[in-house]
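Structure record follows, encoded as C-alpha cells.
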There are 2 protein chains.
Amino acid sequence: MRIVVLAGGIGGARFLRGLKEAVTPGGGPPPGDADITDTNVTDVTDVTDVTDITVIGNTGDDIHLFGLKVCPDLDTVMYTLGGGINEEQGWGRAAESWSVKEELKAYGVGPDWFGLGDRDFATHIVRTQMLAAGYPLSAVTEALCARWQPGVRLLPMSDDRVETHVLVEDGEGRRAVHFQEYWVRLRAEVPAQAILPVGAEDAAPAPGVLEAIAEADVILFPPSNPVVSIGTILAVPGIRQAVAEADAPVVGLSPIVGGAPVRGMADKVLAAVGVESTAEAVARHYGPGLLDGWLVDTADADAVPAVEAAGIVCRALPLMMTDVQATAAMARAALALAEEVRG
Amino acid sequence: MRIVVLAGGIGGARFLRGLKEAVTPGGGPPPGDADITDTNVTDVTDVTDVTDITVIGNTGDDIHLFGLKVCPDLDTVMYTLGGGINEEQGWGRAAESWSVKEELKAYGVGPDWFGLGDRDFATHIVRTQMLAAGYPLSAVTEALCARWQPGVRLLPMSDDRVETHVLVEDGEGRRAVHFQEYWVRLRAEVPAQAILPVGAEDAAPAPGVLEAIAEADVILFPPSNPVVSIGTILAVPGIRQAVAEADAPVVGLSPIVGGAPVRGMADKVLAAVGVESTAEAVARHYGPGLLDGWLVDTADADAVPAVEAAGIVCRALPLMMTDVQATAAMARAALALAEEVRG
C-alpha cells in the first residue's frame with residue numbers, strides 16, 4: 001500500500017509516528033524495506049502488506065537565519081521519525097545545547113527569538129552547504145534522511161523558495177512579516193489579516209511529488225494546520241489538482257477539537273482566511289472536491305451530519321495524540337475510513 | 001607611540017599579550033583609549049606615553065569549512081587578547097563544546113580533522129553572514145572585535161582571498177594541499193616542496209595596512225612562523241616594500257631557539273623555502289633590507305656576531321613565552337632594541 005501524507009511540523013510528525021506504528025507495529029524495519037508479516041495486527045484494517053509512506057512536507061515556514069537555510073517542518077518530521085526529536089517541546093533536538101546561540105547573542109547578532117540549538121545548527125549548516133553547492137532541497141533532504149532513516153520518503157513540497165508571510169496590523173502599522181516572526185516572536189497575538197505564501201505561484205512541485213500523489217493508494221491530511229501547513233502545500237501549482245484528481249481516497253483528521261486547536265494557534269490563521277475554528281468549517285474549507293473522508297473528535301460528534309451533508313464521509317473518534325498507541329489508532333481509523341470511502 | 005605588529009596565530013597572539021602588558025602593565029584600559037601614567041613602568045624603555053598597537057594579521061591560513069569562512073589566525077589573536085582563548089591549546093575557545101562537530105560527523109560531512117567547537121562556529125557563522133552581505137573582511141573583523149575588545153586594532157593583511165597551499169609529495173603523489181590540511185591533518189609530516197600563497201599576487205593590502213606601516217614608530221615581527229605567517233603577509237604586494245621603506249625601526253624575534261621551532265613545525269616550511277632552522281638563517285631570510293634589529297634566545301647567543309655581520313643589530317635574551325611577564329620582558333626588549341637602532 002502506498003500512502004501519501006501532506007504534513008506540517010509537530011502535528012504532522014506525531015501523526016506520522018502513529019501511522020508508522022499502525023503499519024509496522026512495534027517499530028519494525030522501515031516500511032519500505034520490510035516484508036511485514038507481524039501477526040499482531042488485528043485492528044480495523046488490514047495493513048499487513050508492504051507499505052510505503054511518502055511525506056510531502058511543508059516548506060512555507062522555511063527561513064534564512066544567520067545565513068543558513070532552516071526548514072522547520074521538514075526537520076521536525078525527520079527528527080521525530082528518526083528518533084532525534086526533543087519530545088517535550090516537539091521541535092528541535094534531544095540533548096540539545098545552546099552555545100552557538102549564546103555566542104550569536106554576545107555578538108549582538110539576531111534574531112534571538114528563534115530557538116536554534118547546537119545540534120540543530122549542524123543540520124542547517126549541512127543543508128546550506130549542499131544548497132550552495134547546487135543540490136536542490138529535495139536532494140539535500142534525501143541526504144539528511146540518509147542519516148536519520150525516518151522510515152518514510154520525505155519530499156519537500158517544492159525545491160523552489162516559498163515563504164509564508166502574514167499580513168498583520170498593530171501599533172507598528174500594517175505590514176507583512178515572515179510566518180516564523182508572526183508565530184514565534186509575536187506568538188500569533190497580533191491579528192492576522194491575510195496569509196501570503198510568497199513565491200508559491202511560481203513554485204513547482206518537487207520531483208516525485210505529483211507522481212507520488214497520482215500513484216497513491218491512500219492520501220492523508222494529518223491534523224496539521226489547514227492554512228499554513230497543508231494549505232501552503234496545496235498552494236504549490238499542480239498539487240491541489242493532483243490531490244483532487246487522484247484515484248486514491250483522501251482522508252483528513254481535524255486539527256480542531258471542541259472549537260479550538262489541539263495545539264498551536266491554528267484558530268488565528270483560520271480567522272485570517274475567514275474560516276471558523278470548528279471541525280466542520282475546516283472540512284468545508286478543504287471541501288468535498290479534495291476530501292473524501294474526515295475524522296473529527298468525539299467532542300465534535302454533532303458535526304458529523306453537517307460534514308456528511310457537505311459530501312464528505314465523516315466519523316467521530318478520539319483525536320488526541322496523547323501517545324504513539326493513541327495516534328496509531330487514529331491512523332488506523334483514517335486508513336479504515338479510506339477503505340470505506342473507496343467503496 | 002604607534003606600534004605595528006605583523007602576526008600569525010598562536011605565537012603572534014601570545015607575543016601581543018606580552019606587548020600589551022609591556023605598554024599597559026597590569027592590563028589597563030585598551031592602549032588606544034587610555035592616558036597611561038602608570039608609574040610602575042621602570043623597565044628598559046619608556047612606554048608611558050599613549051600607545052596604539054595595530055596588528056596586521058595573516059589570512060593565508062583562512063579556509064572554507066562547511067560553507068563557512070574560518071580565519072584561524074585572526075581569531076586566535078582576537079580570542080587571546082579578548083580573553084576568550086582556550087589557554088591550554090592556544091587556539092579555539094575556552095569552555096568549548098563540540099555538539100556541532102559531532103553532528104556533522106554523524107551526517108558524514110567532513111573534514112573531521114579541523115577542530116571547530118560550538119562557540120567558535122558562531123564566530124564563523126557571523127563572519128560568513130557578513131561577508132555574504134557584502135562587507136569586506138576588514139569590516140567584519142572590526143565588527144567581531146567590537147565584542148572582544150582586544151585592545152589593539154586588528155587588520156587582516158588583505159580583504160582579498162589568499163590561501164596558502166603546500167606542494168607535497170607522498171604515497172598519494174605530488175600535489176598541492178591547503179595549508180591547514182598540511183599542518184593539521186598531515187601534521188607537517190609529509191615533505192613540503194614549496195609554499196604557495198595562492199591569490200597573493202592579485203591581493204591588495206586591506207584598508208589601513210599601508211598607512212599603519214608608513215605611520216608606525218616601531219614595527220615588530222613576533223616569533224611567528226617566518227614563512228607561512230609573516231612571509232605570507234609580506235607576500236601581499238605593497239606590504240614588503242612598505243615595511244622596507246618605513247621610517248620606523250623594524251625588530252623581529254626569532255621563532256627558532258637552539259635550532260628548533262619553539263612551537264609548531266616552522267622547520268618544515270623553512271626547509272621548503274631553503275632556509276635552515278637557525279635563528280641566524282631566519283634573520284638572513286628576512287634580510288637587512290627589512291630587519292633593523294633581531295632578538296635571539298640566549299641559547300643562540302653565538303649567532304649574534306653573524307647576524308650583526310649581515311647588517312642586523314642583534315641581541316640575545318630569553319625568548320621563551322612561558323607566561324605573560326616573560327613575554328612582556330621580550331616585548332620591552334624589542335621596543336628597547338627599536339630605540340637603539342633608531343639611533
Quick one: of A:LYS20/A:LYS268; A:LYS105/B:LYS268; A:LYS268/B:LYS101; A:LYS20/A:LYS105, which pairs are farther than 32 Å apart, Cα to Cα?
A:LYS105/B:LYS268; A:LYS268/B:LYS101; A:LYS20/A:LYS105
Counting only residues 5 or more places away or on other chains, whose amide H sits under 5 Å from the amide H of A:VAL5 once H atoms are built in the peptide plane?
A:THR54, A:VAL55, A:ILE56, A:LEU220
Which Cα, out of A:VAL227, A:MET321, A:LEU337, lies furthest along the positive dipole direction of region A:219-343 (beta carbon charges, K/R +1, D/E -1)?
A:VAL227
In what order, largest first, do B:ASP202, B:ASP118 sit by accessible area if the probe radius is 1.4 Å?
B:ASP202, B:ASP118
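Suppose we keep just the DSSP beta bridges with both residues in the protein assembly as shown; what percent of those would be antiparallel, to 5?
Here the share of antiparallel DSSP bridges comes out near 45 percent.
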With the contact rule set at Cα under 8 Å and sequence spacing of 6 or more, what percent relative contact order holds for chain B?
20
Measuring from a point 7 Å out along Cα→Cβ, what nm distances, shortest first, does B:PHE114 have to its partners in the other copies?
2.4
Put a label point 7 Å from Cα along the Cβ direction on B:ALA299, then list its distances to the equivalent points in the other copies in nm, shortest first.
7.7
What is the distance in Å between the Cα centres of region A:83-114 and region A:237-290?
31
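Would you tally the net charge around B:ARG187, using a Cβ to Cβ cut-off of less than 12 Å, leaving B:ARG187 out, and scoring K and R as +1, D and E as -1?
On the way: positive: B:ARG185, B:LYS268; negative: B:GLU181, B:GLU189.
The answer is 0.
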Anyone know which of A:LEU154, A:LEU65, A:LEU19 comes out most mobile in the 10 Å Cα GNM of chain A?
A:LEU65
Could you pull out every residue, at least 5 positions away or on a different chain, whose amide H is within less than 5 Å of the one on B:LEU317? Hs are placed 1.01 Å off N in the peptide plane, and Pro or chain starts have none.
B:VAL296, B:ASP297, B:THR298
Whether region B:286-343 is rounded, prolate or oblate, judged on the alpha carbon gyration tensor where a/c under 1.5 counts as rounded
oblate
Nearest 5 is fine: what % of DSSP beta bridges in chain A come out antiparallel, could you say?
45
Choose one answer from B:SER97, B:SER229, B:SER138: the residue with the largest mean-square fluctuation in a GNM of chain B with alpha-carbon springs under 10 Å.
B:SER97
B:ASP323 label points, 7 Å along Cα→Cβ, one per copy: pairwise distances from this copy to the rest in nm, shortest first?
6.1
Around B:PRO136, what is the net charge, scoring Lys/Arg as +1 and Asp/Glu as -1 over all other residues with Cβ under 15 Å from its Cβ?
-1
Choose one of A:LEU295, A:ALA206, A:GLY259: the residue whose Cα lies farthest towards the positive end of the charge dipole of region A:188-343 (beta-carbon charges +1 Lys, Arg; -1 Asp, Glu; about the Cα centre).
A:GLY259
What size of dipole, in debye to the nearest 20, comes out for chain A about its Cα centre when the only charges are +1 on Lys and Arg C-beta atoms and -1 on Asp and Glu C-beta atoms?
600
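The values are calculated or read from the model by the stated rules, or taken from the named source; none is laboratory data. Here the structure is a predicted model, which means the values were calculated and not measured. Note that each Cβ is placed from the backbone with ideal geometry, even for glycine, and that neighbours are counted across all protein chains shown. Please note that ligands, DNA and RNA were not included when accessible areas were found on the heavy atoms of the full protein model with its side chains. Shrake-Rupley method; radii C 1.70, N 1.55, O 1.52, S 1.80 Å.
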